[in-house]
Structures are given as C-alpha cells and as structure tokens.
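Novice: Here it is, the structure in full.
What follows draws every value from the coordinates through simple rules; no lab data is involved. From a predicted model like this one, the values you see are computed outputs, not experimental measurements. A quick note on method: Cβ atoms are made from the backbone with ideal geometry, for glycine too, and the neighbour counts reach across all protein chains shown.
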Amino acid sequence: MAQDTDANMPPDAMDEYAKPMQLRLYVVGKTPKSEAAIANLRKICAEHLDGKYELEVIDLRDNPKLARDDQILAIPTLVRSLPMPVAKIIGDLSDTDKVLVGLNLRPRT
Amino acid sequence: MANLAISAVPTAPSVRATLPVIEGLKKARTGIKGLDEITNGGLPQGRPTLVCGTAGCGKTLFSLEFLVRGVQEFGEPGVFIAFAETAEDLANNVASLGFDLRTLEAEGKIAIDHIHIDSADMAEAGAYDLEGLFIRLELAIESVGAKRVVLDTLETIFGGFTDQAMLRAELRRLFTWLKERNLTVVITGERGEGQLTRQGLEEYVSDCVILLDHRVVDQISTRRLRIVKYRGTHHGTNEYPFLIDENGFSVLPLSSLGLDHEASSERVSSGVRALDEMLGGKGFFRGSSVLVSGTAGSGKTSLSAHFARAACLRGERVVYFAFEESRSQLLRNMLSLGIDLAPFVENGLFHFHASRPALHGLEMHLVRMHKIIEDAAPRVVIIDPITNLTSLGTLAEINSMLVRLIDFLKVSSITAMFTSLTSGGQAEEDTDVGVSSLTDTWLLVRDFEMGGERTRGLYIRKSRGMPHSNRVREIVMTPQGIDLLPVYVGPNSVLTGSARSQQARRDEAESEELLRDLQSREVRMDRRREAVQAQVAAMLAELAAEEVDMKRAMRELRTKADQAARVRDEDSVATPESE
C-alpha cells in the first residue's frame, strides 16, 4: 500500500494516517437510499482516499444485533471507526462536501 | 317505622362495576395500584398511550412499573427502549422500588435497549430515515416475545436529527407499525409550553393520554395524575393524587367511590360502657364514622384509645394515625387511664402511624393513609386529630379529602373515629372542618368552667339510625378509664364536678324533707278517715233512731184512730127511738 508521508505531521499522527481508513456503511435492504449511499460512498472513496480504506457494507436485516451494538438509528449511517475518533455520517451521502468534512478529509469551512 | 324502611332499602350495586365498556375495546391492565380503577380496566390494549409530564414527575417509573407488573402479574413480556438513561442506570434506579430488572432481563422477560443519540458526533449528508430504530425495536420485541413496549422520552430523537419532516413521517410510521403488531405501548413525553408535550406527540397518540404532575405548593409537594383523554371508554376525569414509594406507584381512585356501600346493622362497642348506653345501649354501627370534637385536653384521645382497645379485645386490627403524639407517648399516657395497648402492638393488632402533618401534602397524606389501610386491612381506623391536617390546605381541599377518605372507609366497612380539635373561641360548629355532615355519629366534648374548676361534658350531637341519649354526661377520668356520669342540667347552666355533687346532696336533703312531709300527711289522712268514719256511724245511728221514733208515732196514731171509730159505732146503736 502506498504511504504518503508528510514531513510537517507529528509522528503519531503519521501513524494514524499510515493505517487505512476503516469504514462501515449500515443499510437496511436494498432501498433507493441505501443504493444511493453505497454508490456515493464508493465514488467518494475512489476520488479521495486513493485506495487507503477498508469498506464494509452491513445490511442490518441480516445482522440486527449490530444496530444495537453500534448505536445505529438513522439509515443509512456511515461509521468511520479508524482513525480515531469515531465519526458518524448519516444520510444517503449525496452531499459530498459534508461527507468529506465528516471524514476529516477536508477542514470545516 | 320510617327508620326501618330506610335501612331496608337494598343498596344499589356498584356503579363502577356495571359501567358499560364499549364493545371491542380491550384493555391491558397495568397492575399499578388504583390506575386500573380510574381507567376502568387499564390502558388500551394493542394501542399506544402517551404519558407526559414535567421532569421528575415519575414518567419513567410509571412506564417501568407498567412493564414489570405486566411480566409479573399478567405474564406479558415487555421491551423498554430508553432514550435517556442507560440500561445500567435504569436498573439501579428502580432497584429501590423492588424491581429487579437485571433478573427479569436474564430470564428473557424484559429487553432493555438504550438508544443513545448525540448529534454532536453525527453529521448529516443527504436523505435518511429511522429504519435502524425499527430494526432495534423488532429485535428487542422478538427476543422476549413482547406484548408491551415502552418508549421512554421518545422526543429525544427530535434533538438528534434536523430533518423534522422526516421525523414526523417516521413517527407516524412508527405508531402504525406498533399498532399492526398489536403492542400495548407507553410513550413518555416532556411537558411543553402550551401543549402536552414539547413536540406535540399527542397528535400521534389519539387513544389515551395521561398527564403526570408534580407541583409544590407551600413547600409541600404533591403528585397528581390525570387522564386527559381516553378514546372510546369511560374514565375518571379528576386529578388523582399518587404516591411513589418503596412499592412503586399508588394512584388513589378517589371519586370512583360512591354512596353504594352496604350499611351494616352490626354494632361495635365504643369501649366506654356508659357511652354505649347513651348510644342505644350497643355502641356505634360497624362501618360508620364517628367524629369526636372538643377543645384541647377534653379527652378525645382517651376516647379514641378506649375505642381502639375495645376493637383489639375483639381481635380486630386497628390502625391509629396520630398527628400529635408519638407511639411511646400515647402508650404511656393511656396507661395512666388503665389502657394498656402495648400487648396489642406486640401481637400486631394495633398499628400506630405517627407523622407530622407538614411532612407531606394533604393528598400525599391521603394516599399514604389509603395505602397503609389497604395493606393492614383493619376493621377500625382512628385519626387523631383530623384537624391537624387543616394547615395543609384550604377548607375545600380538606373537605374533599375527607369525603374521599370517609367514602373509602365506608366502602371497606371500616369503623372510623376522627377527633377534631376545637380552638377556644371557635364556635363548635365550625370546628368540624365540614365533616360533621359526613359522619354518622358526632360526639361533642365540652369544657365547663364554674366554681374554680374545669370539668368535661360529653353529649351526642347526632347518631344516625339509632336511639341515643340527649343528655350531657360528665367525663370523669379514673385509673380504670373513662366514665360518664349524669350531670345536672339547670335552667341556666349545666352542673358538673363539685357543683354537681353539691346539687346532688341538696337534692338528697330535699327529698328527705319531702318524705317526712308525705309521711305526716299520711298520718293526718288516716286520722281524718277515722273521724269521717265515726261521723258516718253516728249519723247512721241517728238516722236509725229517728226511723224508730217515726214508726212508733205512726203506730200510736193508727191505734188512736181505731178507738175513736169504735166509740162512734156504740153511740148510734143506743139512741134509735129519739127519731
């Protein structure tokens, strides 16, 4: 995996960034919103993460316990568990800017 | 005869029991004390009920008790969705009420899911819905086979999401979803300005809305419950006070009681023989209420203690509510009258509850007393004195409270004695806090002051349905208890104490004199009778003598006439030639 290093970054932050971003997208069934969320996320990842991510799409129909364990209420919900802190983004991810801000890929404006 | 006719009228069957329930409207009993009475059977089965109120009014406890009782008493498993507290906090909070949530959870009777909503760590990017909530609900419901569901402060979701239109659509979907599954649901909501809940949840829940209130008046808090609406069924519309204690909720179903209690003709002794004599020789009616009013130190508590002891001796349980004395104080004081209640405390017949009136609000007192009475199931209840509660509210409030209490006692066929303290200058009719009309027997104890001493007089102001003495009796406290002595009622005053005994001596002297007088009159009478009889005898003798005289005169007269006739005949025979 290609590792971009930034000389200005502190070493631990570099470690964090060294790991791939861990993403989980919670959906329920194949609803238009779910399909849209998956498509939008894939597109954003391809454009902004350059392959440095791991994405898991979870259908809560198949595994409802995860909804409780991961405190999922809104559908779709995108959870970034790494790097810390955990970030949650809800919605069909059609607002790319907000997704990028939420994933800490772009500073808040 | 009129009295007989009245008592012979059969009492109407309970109105409560015969109220028509609209066909098809099933109810899920809550098991919460009193609530099922005022809702006429419980919450609407298979439908949502909104329970709203301000913070700290007991919404969460209400809903938890609904679930726990559902499991324990009606075999209906439940789901608790907590939006505000974690499952851990919940279990700890209700452990003090004797609800063991952890065990119920482990047994698979109750499922608890804490839904944590924090908008701070959540970004919104596009359209979403609350399908996750449905997934979790379904999971929890299926895990225990729930029939009952609680959504505790559902409104919290309004703070977590910005898309209000979506939220409202989802709420609507949620209620439809719950109804389709035939779940009996309790939703709690915070009281909002100008409406029942902040987010107007009441517009989604159209079947039953219950409002809880916790208000503080004069530093005394009172909890109240009101059914704002209950579609398609009769329900009590009043504000009902309720209590949260170590056994959970108790709602007082006040006005559901009516004048439909059975009147007993059984009599119970007042514990004072002379008083029983005044009450037609038999004492009070069982299930009646007795008011004893009088000034301080007039013997009200002593009368109550007599009554309590008599009941204990009959083997009946007595609950004694004291607002002035502690238990040991009462026991000690009554011992001086020869009334030893301690054995009855030990064998559990005498229940004593002392509290300061200011400890609770008026209604709390009522709920508390109600609860104690229900738990102890006594035959006799004594409240000493009832007037100490007057500091807690307006006359109207106290009145309504006492009406409820008396109703409750009558329905339970408990004989009740209330004492009422009359303050010095007050007219005694004002002292009864308006309960005299509700009580069946009213004993008035009055102080009499004369000749440098104070004595107590008792009389029966009224006693329904029995002949009773109209005389004033003097209360005398002896080491053997209270005795009632007859007193002298003069034209201007009632004589008691030493004045009474003086009067008694005077009367005694007077009657002796009278006796002597009568005896001498009797002697005189005898003499006169003798004189008259002698006179009569003399007159009879005189009459007889006169009669003898008269008869002799008559005989003489006849003899003379005969002789004269004979002489004439002889003359005519001797001289015929001379013609």
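Novice: Mind sorting B:Asp562, B:Asp375 by how few other Cβ atoms lie within 10 Å of their own Cβ, fewest first?
Specialist: Least crowded to most crowded, the residues run B:Asp562, B:Asp375.
Novice: Per residue of the range B:358-365, in order, report the coupling 6.51 cos²θ - 1.76 cosθ + 1.60 (Karplus, θ = phi - 60°) as ³J(HN,Hα) in whole Hz, putting x for Gly and Pro.
Specialist: 6, 5, 10, x, 4, 5, 4, 4
Novice: Give, as ranges by residue number, the residues of the range B:531-553 whose backbone N falls under 11 Å from the point 7 Å along Cα→Cβ of B:Thr559.
Specialist: Taking a point 7 Å out along Cα→Cβ of B:Thr559, the residues of the range B:531-553 whose backbone N falls under 11 Å are B:552-553.
Novice: Follow-up question, since we're still on this one. Stick to Cα atoms and the Kirkwood definition of Rh, then tell me Rg/Rh for chain B.
Specialist: Taking Rg over the Kirkwood Rh, I get 1.44.
Novice: Convert each backbone phi in the range A:43-55 into a coupling constant with the Karplus relation 6.51 cos²θ - 1.76 cosθ + 1.60 (shift: θ = phi - 60°), then list the ³J(HN,Hα) values in order as whole Hz, x for Gly and Pro.
Specialist: Per residue, the Karplus-derived 3J(HN,Hα) values read 5, 5, 4, 4, 7, 10, 10, 6, x, 8, 7, 10, 10 Hz.
Novice: Over the range A:22-109, what is the relative contact order in percent, taking alpha-carbon pairs closer than 8 angstrom and at least six residues apart?
Specialist: RCO, the range A:22-109: 38 percent.
Novice: On a 28 Å Cα-Cα criterion, which of the cross-link pairs A:Lys88/B:Lys147; B:Lys26/B:Lys229; B:Lys300/B:Lys371; A:Lys33/A:Lys98; B:Lys26/B:Lys59 come out too long?
Specialist: A:Lys88/B:Lys147
Novice: To continue, here is another question. Please figure out what share of the DSSP beta bridges in the range A:19-102 is antiparallel and state it in percent, rounded to the nearest 5.
Specialist: 55
Novice: In which sequence would B:Asp213, B:Asp129, A:Asp97 go, from the one with the fewest C-beta neighbours within 10 Å to the one with the most?
Specialist: Lowest count first: A:Asp97, B:Asp213, B:Asp129.
Novice: A further question follows. Taking a quarter of the surface of the convex hull around the Cα atoms of the range B:20-256, what do you get in nm²?
Specialist: Answer in nm², one decimal: 13.6.
Novice: Amide H neighbours of B:Gly481 under 5 Å, at least 5 residues apart or on other chains, H built in the peptide plane: list them.
Specialist: Those qualifying (amide H under 5 Å, at least 5 residues apart or on another chain) number zero.
Novice: List every residue whose amide H lies under 5 Å from the amide H of B:Glu124, counting only residues 5 or more places away in sequence or on a different chain, with H placed 1.01 Å from N in the peptide plane.
Specialist: HN-HN under 5 Å from B:Glu124: A:Ile90.
Novice: Moving on. Of the options B:Val292, B:Ala504, B:Leu25, report the single residue whose Cα projects farthest towards the positive end of the charge dipole of chain B (beta-carbon charges: Lys, Arg +1; Asp, Glu -1).
Specialist: Comparing the listed Cα positions along the dipole, B:Ala504 ranks first.
Novice: Roughly how tilted is helix B:395-411, in degrees to the nearest 10 and between 0 and 90, from the longest Cα axis of chain B?
Specialist: Helix B:395-411 sits at roughly 80 degrees to that axis.
Novice: Can you list the trypsin sites (Lys or Arg not before Pro) in the range A:65-109 that are in a DSSP coil and have 14 or fewer other beta carbons within 10 angstrom?
Specialist: Here the sparse-neighbourhood loop sites are A:Arg108.
Novice: Now for a separate question. Between the range B:195-212 and the range B:89-155, how far is it from one alpha carbon centroid to the other, in angstrom?
Specialist: When both Cα centres are located, 21 Å separates them.
Novice: Taking only DSSP H segments of four or more residues, each worth -39500 (n - 2.57), what value at 222 nm results for the protein assembly as shown once the sum is divided by all its residues, to the nearest 500 deg cm²/dmol?
Specialist: Roughly -12000 deg cm²/dmol at 222 nm, from the helical runs in the protein assembly as shown.
Novice: How big is the charge dipole of the range B:20-256 about its Cα centre, in debye rounded to the nearest 20, if each Lys and Arg gets +1 on its Cβ and each Asp and Glu gets -1 on its Cβ?
Specialist: Charge dipole, the range B:20-256, about its Cα centre: 960 debye, nearest 20.
Novice: Take every DSSP beta bridge with both residues inside the protein assembly as shown and express the antiparallel ones as a percent of the total, to the nearest 5.
Specialist: Percentage antiparallel, nearest 5: 45.
Novice: List the aspartates and glutamates whose Cα lies under 15 Å from the Cα of B:Lys33, skipping any in the same chain that are fewer than 8 positions away.
Specialist: B:Glu65, B:Glu73, B:Asp245, B:Glu246, B:Glu374, B:Asp375
Novice: With +1 assigned to the C-beta of every Lys and Arg and -1 to the C-beta of every Asp and Glu, and no other charges, what is the dipole magnitude of the range B:129-275 about the Cα centre in debye, to the nearest 20?
Specialist: 340
Novice: Also: Can you give me the angle between helix B:59-74 and the longest principal axis of chain B, using Cα atoms only, in degrees from 0 to 90, rounded to the nearest 10?
Specialist: The helix B:59-74 is inclined about 80 degrees to chain B.
Novice: So for B:Lys59, B:Lys27, fewest C-beta neighbours within 10 Å to most, what's the order?
Specialist: In increasing order of surrounding Cβ atoms, one gets B:Lys27, B:Lys59.
Novice: Evaluate the relative contact order of chain B (contact order divided by residue number), counting alpha-carbon pairs under 8 angstrom at least 6 apart; express in whole percent.
Specialist: Once normalised by length, the contact order is 12 percent.
Novice: So if each residue of separation counts as 0.36 nm, and I subtract the Cα-Cα distance between B:Arg215 and B:Gln533, what length gain in nm does that give?
Specialist: 104.7 nm
Novice: Could you tally the net charge around B:Gly281, taking each other residue with its Cβ under 13 Å from the Cβ of B:Gly281, Lys/Arg +1 and Asp/Glu -1?
Specialist: +1
Novice: Now for a separate question. Using only alpha carbon pairs under 8 Å that are at least six residues apart, calculate the relative contact order of the range B:267-490 and give it in whole percent.
Specialist: Once normalised by length, the contact order is 28 percent.
Novice: Can you tell me the FRET efficiency between B:Leu485 and B:Arg521 if r is taken as the Cβ-Cβ distance and R0 is 51 Å, rounded to the nearest 0.05?
Specialist: Between B:Leu485 and B:Arg521 the formula returns 0.90.
Novice: If you take every DSSP beta bridge fully contained in the range B:20-256, what fraction is antiparallel? Give it as a percent rounded to 5.
Specialist: Among the beta bridges of the range B:20-256, antiparallel pairing accounts for roughly 45 percent.
Novice: Turning to a different aspect of this structure: Throw me the Rg/Rh for the protein assembly as shown, computed over C-alpha atoms with Kirkwood Rh, two decimals.
Specialist: 1.44
Novice: For a quick check of your reading of the filter: which trypsin sites (Lys or Arg not before Pro) in the range B:443-476 sit in a DSSP loop and have no more than 16 other Cβ atoms within 10 Å?
Specialist: B:Arg464, B:Arg471
Novice: Let me ask another. Specify the angular offset, from 0 to 90 degrees and rounded to the nearest 10, of the alpha carbon long axis of helix B:300-313 from the longest principal axis of the alpha carbons in chain B.
Specialist: Around 80 degrees separate the two axes.
Novice: If amide H atoms are built 1.01 Å from N in the plane of the peptide, which residues on other chains or at least 5 residues away come under 5 Å of the amide H of B:Phe448?
Specialist: Amide H neighbours of B:Phe448, under 5 Å, 5+ apart: B:Thr455, B:Arg456, B:Gly457.
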